[in-house]
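A.B. asks: Dropping a structure here in structure tokens format, bear with me for questions.
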Amino acid sequence: MASISKLINPSLGVAAPPPSSSSLRSDPKLSLLALRPSIRGLASPLRLSIRRDRLNATSLAVRCSGKEGNGVPAKRTTLHDLYEQQGQSPWYDNLCRPVTDLLPLIASGVRGVTSNPTIFQKAISSSSAYDEQFKQLVSAGKDIETIYWELVIKDIQDACKLFEPIYDQTDGGDGYVSVEVSPRLANDTKGTVEAAKWLHKMVNRPNVYIKIPATAECIPSIREVISNGISVNVTLIFSLSRYEAVIDAYLEGLESSGLSDLSRVTSVASFFVSRVDTLVDKMLEKIGTPEALDLRGKAAVAQAALAYKLYQKKFSGPRWEALVKKGAKKQRLLWASTSVKNPAYPDTLYVDPLIGPDTVSTMPDQALQAFIDHGTVSRTIDSNISEAEGIYSALEKLGIDWNQVGVQLEAEGVDSFKKSFDSLLVSLKQKSESLKPANL
């Protein structure tokens, strides 16, 4: 097994491509042909956008603004190996119209989708694909925030339909699409609960995850929403202490649900990685000692490894076994913010070292393409826990306050999503005012 230092030391570069998997066992794979029956009723035709970038091989990328394209035969990728050999589900961290652009990615091994207010802000503001529905909603006299949610809900419903075969094939274990409650509610416990219930009812799909931020105010919201039988993606987790509170909220929600069958209430805990290094690296550079500088690029993966250790501890023992008897499923760890922010670091820095069973890695375009091209499929997340503990402790000794790092990153994350949400509403308002009655 590769050690954490080998995987996360930026100076070592990108790991070599894995060996051919032709001799490895393969499960039945989804093909575009097999998926087509599940997308009847979707307005947009199947398209595939392919581009060549700095990677050595042709790679898949969704292009929201394209209008035409050609399908290609499904090909086995490292994403299939990641799931079949290591039990990690690769998800795609992006969503835009037409959602049928996701089909080639599904055929390449993608097993779910995450979205957030920033993703929708970019999708809706940069594409003409939403114009027809937007005009219809304006003509019907809908207010701007209602229009936003109707645009978003349609994308989520259509994407859920695409992933239904995976959801059914895994008996509800995978194939989810995530949509977040309004970021304006990040500090509103009751408002978040009501918004989650409403959003779950409006989407009305079994494989939707309602995203709720892991703020202190929303921990009770998570507990209550889970107890109501609604599956949740807990987002914006940046510290081990907050992650433990999230796990407890999930367990308490299951215990208080009153349901005899817990098998359809599932959850993921989205633990953010790259943003941790972005902040901690700045702190280390300010300290400036050789020891501090040598720890750059190592904080995020070390903390993630310890999060996985905590996950294993919390989802074992008598309390958990009692829930398992009622059909409960583990709240899987999901690695979020997997794109590399520092160009000096390997482009698979937040994917390769975080591979382990019963986890999810959600990747935006850059990380997804990089991993397909030259990612290494191997169990790495717990290959050297002692080293991760050493890095974590060394950072503490240098004065890095992990809880304070989490608090700052959480506030920045919430603020970023709020700005994206508000910006899009302003843009939609301006767009609606520019439409003349004759054009409606």
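A.B. asks: To make sure I understand, if each residue's beta carbon is the centre and we count other beta carbons within 10 Å, what order do D352, D131, D347 fall in, fewest to most?
C.D. replies: Going from least to most buried by this count: D131, D347, D352.
A.B. asks: Now for a different question. Compute and list, largest first, the equivalent-ellipsoid semi-axes of region 238-377 from the alpha carbon gyration tensor, each √(5λ) rounded to a whole angstrom.
C.D. replies: 33, 18, 11
A.B. asks: Leaving out same-chain residues fewer than 8 places away, which aspartates and glutamates sit with a Cα under 19 Å from that of K154?
C.D. replies: Cα-Cα hits under 19 Å: D93, D101, D131, E132, D143, E145, E164, E180.
A.B. asks: So, counting K/R as plus one and D/E as minus one, what does the shell of residues with Cβ under 15 Å around N228 add up to?
C.D. replies: 0
A.B. asks: To the nearest 0.05, how large is the calculated FRET efficiency for E291 and E132 if R₀ is 56 Å and r is the Cβ-Cβ distance? Display every interim value, and only then the final one.
C.D. replies: Values: r = 59 Å, r/R0 = 1.05.
Efficiency for this residue pair is about 0.45.
A.B. asks: Can I ask one more? Suppose each label sits 7 Å from its Cα in the direction of the beta carbon; what would the S393-K142 distance come out to in nanometres?
C.D. replies: Here the modelled spin labels are 5.6 nm apart.
A.B. asks: Quick one: check the C-alpha center-to-center distance for region 320-396 versus region 113-157, whole angstrom.
C.D. replies: 32 Å
A.B. asks: Express in whole angstrom the spacing between the alpha-carbon centres of region 194-263 and region 87-104.
C.D. replies: 23 Å
A.B. asks: Can you give the translational diffusion coefficient of region 340-440 in µm²/s, computed by Stokes-Einstein from the Kirkwood radius over Cα pairs at 37 °C and 0.692 mPa s? Please report the intermediate quantities before stating the final value.
C.D. replies: On the way: Rh = 17.9 Å.
The Stokes-Einstein estimate is 184 µm²/s.
A.B. asks: Let me ask another. If you rank Y392, Y308, Y130 by fewest surrounding Cβ atoms within 10 Å, what's the result?
C.D. replies: Y392, Y308, Y130
A.B. asks: So, one more: Per-residue counts of other Cβ atoms within 10 Å, averaged by peptide: what ranking do you get for 225-237, 81-93, 201-213, highest first?
C.D. replies: Going from most to least packed, we get 225-237, 81-93, 201-213.
A.B. asks: Next up: From the P(r) of region 279-347, can you give the percent of Cα pairs sitting at distances over 15 Å?
C.D. replies: That fraction is 67 percent.
A.B. asks: Could you list C218, C96 in order of exposure, starting from the residue whose Cβ has the fewest other Cβ atoms within 10 Å? Write out the running numbers ahead of the final one.
C.D. replies: On the way: C218 28, C96 22.
With the sparsest Cβ surroundings first, the list reads C96, C218.
A.B. asks: Can you list residues from other chains, or at least 5 along the same chain, whose modelled amide H is less than 5 Å from the amide H of W91?
C.D. replies: R111, S361, T362, M363
A.B. asks: Plugging the Kirkwood radius over Cα pairs into Stokes-Einstein for region 200-280, at a temperature of 20 °C and a viscosity of 1.002 mPa s, what D comes out in µm²/s?
C.D. replies: Value of D from the Cα-based Kirkwood radius: 163 µm²/s.
A.B. asks: Quick one: Debye curve from the C-alpha atoms of region 141-182, no solvent, what's log10 I(q)/I(0) at q = 0.13, 0.21 Å⁻¹?
C.D. replies: So the normalised log intensities work out to -0.36, -0.68.
A.B. asks: What is the local net charge at V405, summed over the other residues whose Cβ is closer than 12 Å to its Cβ (Lys, Arg +1; Asp, Glu -1)?
C.D. replies: Cβ neighbours under 12 Å give a net charge of -3.
A.B. asks: A further question follows. Say the cut-off is 25 Å between C-alpha atoms; which of K197/K431; K190/K309; K197/K326; K211/K418; K190/K418 go over it?
C.D. replies: Result: K197/K431; K190/K309 exceed 25 Å.
A.B. asks: Report P(r) for region 118-200: all Cα-Cα distances, bin width 5 Å, range 0 to the bin holding the largest distance, values in whole percent.
C.D. replies: P(r) over region 118-200, rounded to whole percents: 3, 12, 18, 20, 19, 15, 9, 3, 0.
Only the coordinates and a few stated rules stand behind these numbers; no lab work does. All of these numbers come straight from a predicted model, not from anything done at the bench. Cβ atoms come from the backbone with ideal geometry, glycine included; neighbour counts cover every protein chain shown.
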